[in-house]
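Beneath this line is the structure, given in structure tokens, with notes to follow.
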Amino acid sequence: MVGKYSIELVTKRMRFLLEVKRKYTIIRGDSGTGKSTFVNYIMGYQLHGESSGVILKCDIPIKRVLNSEDFKKFKECILVIDEGDIVLREENIATLFKESDNYFIILSREKLGYLPYSDKDIYEIKSDRVQNKFYESRFVNRYQDIIQKGLPELKSDVLSTDEEL
């Protein structure tokens, strides 16, 4: 699979927006930011479709992974894995990821040293109240935030010159 995919997940109380650009997308965030809520909405949609109260828009299927068999069962999909899932503790997990032709969204606070991802692949959930009880959640790339802010400039009075030496 190659390319980028936009995901929009909408319920009567929330809207999640995310763009997946690489094989691995890591979602981090403190407790209560909506990581597990996102995963649960994906599972609800997978089990019950739009009757779950979830509207999910993406050009390719998005599936919730519960075990290693799902890696083989789903092809050319975006697979979603939560940090507490037993599949992340399997011995051959690195091989399963490598051999899969799917993209992955992994929600975890832990570093996943067995996966080849960079800072560009790490996102956080940022939520804003749009209406009284409706929240819009965006997945914000921390790496892009650093690039946009730029590095601090060095002050010339801190640097020594040849004359001072």
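The numbers here are math on the coordinates, done by the rules we state, and not lab data. Bear in mind the structure is a predicted one, so any value in this text is a computation, not a measurement. Quick reminder, even Gly has a Cβ in these numbers, built from the backbone with ideal geometry, and neighbours come from all protein chains shown.
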(request) Residue by residue through the range 2-14, note down the ones that are assigned to a strand (DSSP E or B) and surrounded by fewer than 18 Cβ atoms within 10 Å (Cβ to Cβ). (result) Y5, S6, E8, V10
(request) Search the range 42-66 for residues that are over 14 Å from Y5 (Cα atoms) and pair each with any residue that is among the hydroxyl-bearing types (S, T, Y) and part of a loop (DSSP other than H, G, I, E, B) when their beta-carbon atoms are under 6 Å apart and the residues are at least 6 apart or on different chains. (result) G53/T11; V54/T11
(request) Would you mention how many residues in the range 50-94 are among the aliphatic types (A, V, I, L, M) and under 15 Å from the mean Cα position of the chain (by Cα)? (result) 6
